[in-house]
Amino acid sequence: MNSYQIQEAPEVFDVVIVGSGAGGGMAAYQLSKAGAKVCLLEAGGYYDPADPKYITQLKNPWESPRRGASTTRPFGDFDAAWGGWQLEGEPYSAAPGTEFHWFRSRMLGGRTNHWGRISLRFGPDDFRRGSMTGIGDDWPITYDDVSPYYDKVDKLIGIFGSKEGLRNEPDGHFLPPPKPRLHELMLKKAGKNLGIPVIPSRLAILTKAINNERGQCFYCSQCGRACQAYADFSSSSCLCKPAVKTGNTRLINGAMVREVLTDQKTGLCTGVSYVDTATLQERTVRAKIVVVAASACESARLLLNSKSARFPNGLANSSGVIGKYLNDSTGASRSAFVPALMNRKRYNEDGVGGMHVYTPWWMDNKKLDFPRGYHIEYGGGMGMPSYGFGMGIQGMNGKYAYGDGKTQPSGGYGSRLKEDVRRFYGAYVGMAGRGEPIPLESNYCEIDPNNVDKYGIPTLRFHYKWSENEVKQAKHMQDTFEQIIHEMGGIALGSKPGKEQNYGLEAPGKIIHEIGTVRMGNDPKKSALNSFMQGHDVKNLFVVDAAPFVTQGDKNVTWTILAMSMRTSDYIIDEVKKKNL
Amino acid sequence: MKRRDTLKSIALGSLGMATVPSTDLIAAPPEKPLVVPGGRQKTEAIRDAKLMAEKFFTPHELKTMTVLCDIILPADEKSGSASQAGVPAFIEFMVKDQPVHQIPLRGGLAWLDNESRKRFSKKFVEITKAQQIEIVDDIAYPEQAKPQFSQGVAFFNKMRDMTLTGFYTTRMGFTDLGYVGNTPNNWEGVPEEVLKQYGLSYE
Ligand SMILES: Cc1cc2nc3c(=O)[nH]c(=O)nc-3n(C[C@H](O)[C@H](O)[C@H](O)COP(=O)(O)OP(=O)(O)OC[C@H]3O[C@@H](n4cnc5c(N)ncnc54)[C@H](O)[C@@H]3O)c2cc1C
Ligand code: SF4
């Protein structure tokens, strides 16, 4: 684990893996369990949520001088992300008139330390939307190819949920879901009246222990801070460390991979070169197989930067498709005040680190003016105050009568403000739509001809614009939110975003579900990877993050990254056994 | 780790540690070696230590702010005042952490003193409580305030925001609010009597 001792790795590893997030962690786990000698390279530092050096869980807001404000960490001082929308010395850009926001975490486990744990498997339709609707493309594989791996991931990692029997929201192997909170019961009731399903959420959190290495959830609501009991899934705790424990994985932190190396004669990968971020020394690691899992855009960047005489467009890019079809989930949100929840009785309502209920896509796009669906995530409850708590009270406190039946002008000062905070506490709900976009060739990332990062590695330039399809979907989200809010007796806050604001559609990248930049497919002219995420041009190169994905469904993609990475790892083991690799 | 062990180690570990606020550790004089508090990255600890060593508000500004904070959140039968909860020090840190607040707050305090001098020929901290309230009443009610006080209203809104956030993110604020979370527990659903109150059920 100590990167400084390694000068030049003398041996030839069976596999070198770039990146330790969902995709890389799973590959390291699966391959080293099978006995392969693995070198796992991670650009960021070592991280363990159970080591007091790193623990932020259960800290109180006053343990942060900024009370948890997001000055240095975008999701707040206690969030387990070492990174954010900008990394010091590692810039990116967007072409004029386009926009893309790129969230990176540089640490063992990548963004799985602080992700939302929302774990939705794709349904059968999600692999063939192109042929179903005549717009977009199909995957080269079907649900049946992936479902055994979803099953294995469910059991290995643990997920709670409920069996619902919904065709395109396939059930998995679920641990018991936590009971809904009060506002979630209200949402459920409102949904029932409206014919909108509100069902138990599906999160990678252990409501029951599944082995001796990981504890059971103790309901602190802080999975974003990463769990010291390892009761939530993060690649660092649940995959990378067990992989290292097998004795077959050598983890090197602070290893920023610059290039995949190839033999110009055979056209095969021979390993990678990386910068030791602490010493700025250049190093190489030799391996028989290279597995790239640096996250969708970083993987595209790495392959595009791995140019040589034999691969002038970048590695595995004879199709020229690498970088193209970049797509992120759509997102729009609204919040509301629920007068019935004023002056609530207090009790510990923290629950798990996320929503206990959600709404899967419930409609038929054939009857709508946009081609793809979305799901709805919910928030609310008596959460822990942190920076921002109580702000904007003047927008609320003039509207509702006090205990004595009288109203007072909005704003003000004095003891009444304490009463305001007490009566309004926990009386809000929020809802956010997360939808499937149509991947477009014209949305892409490429190597910026003019810029390099602090290691001298050429950086990315993004080109991304939403189409009418996504805007119309956002409009539908906003209409639905108002329906639900109205039905539960709530009062929507702020004004409804209209056409001028794209109906509140978040800028590309903001939902942090970017995929698609190293496409898989059966046609080597149109895709970089085959149906096992193996290079068409370079057979000992694999990509196991979300870069190969053709589409992302209306599901957050991480569970699919895990399943697909496991599937590719099994394929690698198989091919090695057959001496094809 | 088994669940029970987890609970135990948490009780001994983080919760025990919580009695030593991390802010004390990094407020150490600069010549002492930097202590990186648990959960922070070194770069963050360096930045925090630097900010804490700096001073932004003058003693007079802090004094004015303290008076204002305690008008906004005075002590009452349930909890203490904003200054008792350390709000002025929190605001002092926040303006260094997020410099966007500096001009509105420094300028707002100057606006307040100027208004006070115009009316009473004295700075805000030197006038009587009744006189202070007279000015505050002109800027505390955004929907009723006269147009000539709009800048004062904007300033007071910001002070109200900072004071509320600063107060409710302390132990005193938690107690006042009745927040009882952030501790290991077993979620078994909404209490029965609350379900009844709202006519809801788990069936
Ligand atoms: C706040 C937040 C909430 C989220 N919530 C959800 C959710 O609820 N559900 C869901 O499905 N998804 C969610 N996501 C998305 C999820 O985190 C990602 O889909 C997932 O982590 C992607 O895994 P990955 O392996 O592709 O990349 P990452 O997790 O990003 O890991 C990539 C790793 O590679 C390393 N790396 C990059 N470049 C190099 C290089 N050149 N050399 C060496 N190492 C390199 C990085 O340092 C990083 O550690 C969320 C993300 C965020 C930020
Ligand atoms: S909610 Fe549960 S799983 Fe998440 S961090 Fe807290 S204890 Fe761990």
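Only Cα sites of the range A:335-388 enter the Debye sum here, all with the same form factor; the resulting log10 I(q)/I(0) across q = 0.17, 0.21, 0.26, 0.30 1/Å is -0.76, -0.94, -1.18, -1.30, listed in q order. Distance from the alpha carbon centroid of the range A:306-349 to that of the range A:32-79 works out to 20 angstrom.
Of the trypsin sites (Lys or Arg not before Pro) in the range A:346-399, which ones lie in a loop per DSSP and count no more than 16 other C-beta atoms within 10 Å?
Details: sites: A:346, A:366, A:367, A:372, A:399; in loops: A:346, A:372, A:399.
Sparse-neighbourhood loop trypsin sites (Lys or Arg not before Pro): A:346, A:399.
Gyration tensor over the Cα atoms of the range B:64-194: the corresponding equivalent ellipsoid has semi-axes (square roots of 5 times the eigenvalues, largest first) of 33, 16, 14 Å.
Rounded to two decimals, what is the ratio between the C-alpha radius of gyration of the range A:445-485 and 2.2 N^0.38 Å? Compared with the compact-globule rule of thumb, the range A:445-485 sits at 2.07.
List the chymotrypsin sites (Phe, Trp or Tyr not before Pro) in the range A:28-91 that DSSP assigns to loop (not H, G, I, E or B) and whose Cβ has at most 16 other Cβ atoms within 10 Å. Which are they? Provide the component values of the computation, followed by the final result.
Working: sites: A:29, A:46, A:47, A:54, A:62, A:75, A:78, A:82, A:85; in loops: A:46, A:47, A:54, A:75, A:78, A:82, A:85.
Those that pass, being in a loop and sparsely packed, are A:75, A:85.
By the scheme Lys and Arg +1, Asp and Glu -1, what is the net charge of all other residues having a beta-carbon under 9 Å from that of residue A:519?
Details: positive: A:324, A:526; negative: A:137.
Net charge around residue A:519: +1.
How large is log10 I(q)/I(0) at q = 0.14, 0.17, 0.25 Å⁻¹ when the Debye formula is applied to the Cα atoms of the range A:407-497, each weighted equally and without solvent? For the range A:407-497 at q = 0.14, 0.17, 0.25 Å⁻¹, log10 I(q)/I(0) is -0.78, -0.88, -1.22. The spacing between the range A:515-536 and the range B:87-159, judged by their C-alpha centroids, is 62 Å.
Enter the buried accessible area of the A/B pair, total of both sides, probe 1.4 Å, in Å² rounded to the nearest 100.
Details: alone 23120 and 13560 Å², together 29860 Å².
Rounded to the nearest hundred, the buried surface is 6800 Å².
A simple rule links phi to the HN-Hα coupling: the Karplus curve 6.51 cos²θ - 1.76 cosθ + 1.60 with θ = phi - 60°, which for the range A:157-169 gives 9, x, 8, 9, x, 9, 6, 10, x, 7, 4, 9, 10 Hz, with x for Gly and Pro.
Dividing the convex hull volume of the Cα atoms of the range A:441-581 by its residue count, what figure in Å³ per residue is obtained? All intermediate terms of the calculation are to be shown ahead of the outcome.
Values: hull volume 25.8 nm³, N = 141.
Looking at the range A:441-581, the number lands at 183 Å³ per residue.
Near residue A:357, the amide H atoms lying under 5 Å from its own belong to A:201; only residues 5 or more places off or on other chains count, and H is placed 1.01 Å from N.
Solvent-free Debye calculation, one equal scatterer per alpha-carbon of the range A:241-400: log10 I(q)/I(0) at 0.16 Å⁻¹ equals -1.02. I'd like the distance between the alpha-carbon centres of the range A:377-402 and the range A:144-202, rounded to an integer number of Å. Using only Cα atoms to place each centre, the spacing works out to 29 Å. Computed across the range A:341-476, the Kirkwood hydrodynamic radius from all distinct Cα-Cα pairs reaches 19.9 Å. Residue-wise HN-Hα couplings along the range A:22-34, as the Karplus relation 6.51 cos²θ - 1.76 cosθ + 1.60 with θ = phi - 60° gives them from phi, are 4, x, x, x, 5, 4, 4, 4, 5, 6, 6, 4, 7 Hz; Gly and Pro carry x. Once the partner protein chains are put back, the range A:402-448 shows a loss of at least 20 square angstrom of accessible area, versus the chain by itself, at A:409, A:410, A:412, A:413, A:414, A:415, A:417, A:418, A:421, A:422, A:425 (probe 1.4 Å, ligands and nucleic acids excluded).
With the full set of protein chains in place, find how many percent of the accessible area of the protein assembly as shown is carbon and sulfur; take the probe as 1.4 Å.
Details: 15710 of 29860 Å².
Accessible surface attributable to carbon and sulfur in the protein assembly as shown totals 53 percent.
Looking at the range A:171-234, the trypsin sites (Lys or Arg not before Pro) that sit in a DSSP loop and have at most 12 other Cβ atoms within 10 Å of their own Cβ are A:208.
Expressed as a fraction of 2.2 N^0.38 Å, the C-alpha radius of gyration for chain A is 0.97.
How big is the Cα convex hull of the range A:1-140 in projection, averaged over all directions, in nm²?
Working: hull surface 56.5 nm².
Spelled out: convex hull of the Cα atoms, projected over all directions, averaged, 14.1 nm².
Listed values for the range B:183-195 are Karplus-derived 3J(HN,Hα) couplings in whole Hz (6.51 cos²θ - 1.76 cosθ + 1.60, θ = phi - 60°), namely 8, x, 7, 10, 6, 10, x, 5, x, 3, 5, 6, 4, and x replaces Gly and Pro.
The values are calculated or read from the model by the stated rules, or taken from the named source; none is laboratory data. Note that this is a predicted model, so its numbers are computed, not measured. As a convention, Cβ positions derive from the backbone with ideal geometry for all residues, glycine included, and neighbour counts pool all protein chains shown. Accessible surface areas use protein heavy atoms only, side chains included; no ligands, DNA or RNA. Shrake-Rupley method; radii C 1.70, N 1.55, O 1.52, S 1.80 Å.
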